[in-house]
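The values are calculated or read from the model by the stated rules, or taken from the named source; none is laboratory data. Quick caveat, the model's predicted, so the values are computed rather than measured. Cβ coordinates were reconstructed from backbone atoms using ideal geometry, including for glycine residues, and neighbour counts include every protein chain displayed. The protein model used for the area step is the full one, side chains on, heavy atoms only, and it has no ligands, DNA or RNA in it. Shrake-Rupley method; radii C 1.70, N 1.55, O 1.52, S 1.80 Å.
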Amino acid sequence: MAGRELRVTGTNPEYVLRGLLRCGLCGEAMCPGSTTKKSGKTYRFYRCSTRDKYGTDKCSAKPLPARAIEDFVVARITEATADGTLAERIQAKLAARVAKEGTTFVEVRKALSAQVAEASAATSRLTEEVVRLDGRARALVEAKLRVEATRLDDAERRLRALEDDAVNVELLESQQEWFVGALRNFGKVWGDMTPENQGRLLRALVAKVSVDEETGVCRVELVNFDAVASAKEAA
C-alpha cells in the first residue's frame, strides 16, 4: 500500500458511530480505521470486520467514508428531533420505565431476600445435623445440604444481579435530563459537543445503523426505550 499508512483506530472518540454501524451485506460490525497519505492528510472510514478477518470471499463490503456516513446519521436524527415530539415521547417512556423498574425492584428484592434467608437457615440447620449422623442417614442429609447450598448460591447471585440493575436504573434516571435536553435541542447543541459526548448521545439513542451497498439504503434504528429487546423504532 505505497504512500499510505493504514491504522486501526477503534478507541478514537471521533468515530461517533463506533459500536453502532453494521455491514449491510453480512450484518457484522463495521470497525473504525484510517489511512494517512504522503501529503499528511488522514482519511477516516469504517470497514467490515468480516472482510478484515476472512477476506472478500466472506464479505465484499467496501469501506465507508466515516464523515459522510456520520453526517448522514446526524442529519436523520436532526430531522427526527426537529419538532420536539421524539424527545417528549422518549422522556415519557424513560420516566415510565424508571417507575416500573423501581416498583419491580422492590418486589423482587423482597422475594429474593426471603429466599436467601430461607436457604441460609436450611443450610445452617443441615450443616449442624450432618455432623451428628453416619452412614446412609448422613449421605441423605449431605445430599439435601448440597441442594440447599446451590439454592442459596443461586438466590444470592440473582440478588447481586438485581442490585446491579438497580444501579443502572439510577444511572438512567440521573442522565435523563441531559439526554432529553440534548434531544430537544439536537440541531443546536450537536456541533458544540465534544466527540466523546457526541458518541455518548448516539449510543444512548441509536440501536443500530446499517448500510446496504447494493441499494444505497442507510437505516437508523433507535433504541426501544420500552426495553423490549426485539422491538425497534426507525428514524
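Got a sec? What order do 42, 36 fall in by accessible area at 1.4 Å, biggest, i.e. largest, first?
My answer, sorted largest first, is 42, 36.
If you count only protein heavy atoms and use a 1.4 Å probe, how large is the accessible surface of residue 44, to the nearest 10 Å²?
Probe radius 1.4 Å; accessible area of residue 44 about 60 Å².
Give me the Debye-computed log₁₀ of I(q)/I(0) at q = 0.10, 0.11, 0.17 Å⁻¹ for the chain, equal point scatterers on Cα only, no solvent, two decimals.
Log-scaled intensity ratios, in q order: -0.67, -0.75, -1.20.
Work out which helices of the chain, taken as complete DSSP H runs, extend at least 20 Å along their axis over the Cα atoms and score a mean Kyte-Doolittle of -0.5 or more, then list them. Don't skip to the answer; put the middle values down first.
On the way: long enough: 66-81 (22 Å, 0.41); 85-130 (65 Å, -0.02); 135-184 (72 Å, -0.47).
Those that pass (Cα extent of 20 Å or more, hydropathy at least -0.5) are 66-81, 85-130, 135-184.
What part of the accessible area of the chain, given as a whole %, is carbon or sulfur when the probe is 1.4 angstrom?
Numbers: 7290 of 14130 Å².
Whole-percent figure for carbon plus sulfur exposure: 52.
Step through the table entries 37/62; 62/208; 110/144; 100/208; 37/208, compare each Cα-Cα distance with 23 Å, and write down the pairs that go over it. Can you show the working numbers first?
Working: 37/62 19 Å; 62/208 19 Å; 110/144 25 Å; 100/208 26 Å; 37/208 31 Å.
The answer is 110/144; 100/208; 37/208.
Tell me which cysteines of the chain come out unpaired when the rule is another cysteine's Cβ under 4.7 Å.
31, 218
Per-residue ellipticity at 222 nm for the chain, helices alone: DSSP H runs ≥ 4 residues times -39500 (n - 2.57), over residue total, nearest 500 deg cm²/dmol?
Values: 6 runs with 133 residues, N = 235.
After summing the helix terms and dividing by residue count, I get -20000 deg cm²/dmol.
Along the charge dipole of the chain, Cβ charges K/R +1 and D/E -1, which of 65, 210, 86 sits furthest on the positive end?
Of 65, 210, 86, it is 65.
I'd like to check one number: the per residue accessible area of the chain, probe 1.4 Å, reported in Å² as a whole number.
Working: 14130 Å² over 235 residues.
Heavy-atom SASA per residue in the chain reads 60 Å².
Under the rule of at least 5 residues apart or a separate chain, name every residue whose amide H is placed under 5 Å from the amide H of residue 207.
For residue 207, whose amide H was placed from the backbone, the distant partners under 5 Å are 221, 222, 223.
From the residues 116, 39, 224, which one has its Cα farthest along the dipole of the chain in the positive direction, the dipole being from +1 and -1 charges on Cβ of Lys/Arg and Asp/Glu about the Cα centre?
39
Compare 46, 54 by solvent-accessible area with a 1.4 Å probe and give them largest first, with all protein chains kept in place. Walk me through the numbers before you get to the answer.
Details: 46 0, 54 150 Å².
The ranking, largest first, comes out as 54, 46.
Taking 45 Å as R0, compute the FRET efficiency from the Cβ-Cβ separation of residue 88 and residue 118 and round it to 0.05. List each step's numbers first, then the result.
Working: r = 46 Å, r/R0 = 1.01.
Between residue 88 and residue 118 the formula returns 0.50.
Hey, with R₀ at 30 Å, roughly what FRET efficiency would residue 189 and residue 96 work out to, going by the Cβ-Cβ distance, to 0.05? Show your work: numbers first, answer last.
Working: r = 25 Å, r/R0 = 0.84.
Efficiency computed from Cβ-Cβ geometry: 0.75.
May I have the convex hull volume per residue, in Å³, for the Cα set of the stretch 11-118?
Values: hull volume 20.6 nm³, N = 108.
With only Cα atoms used, the stretch 11-118 gives 191 Å³ per residue.
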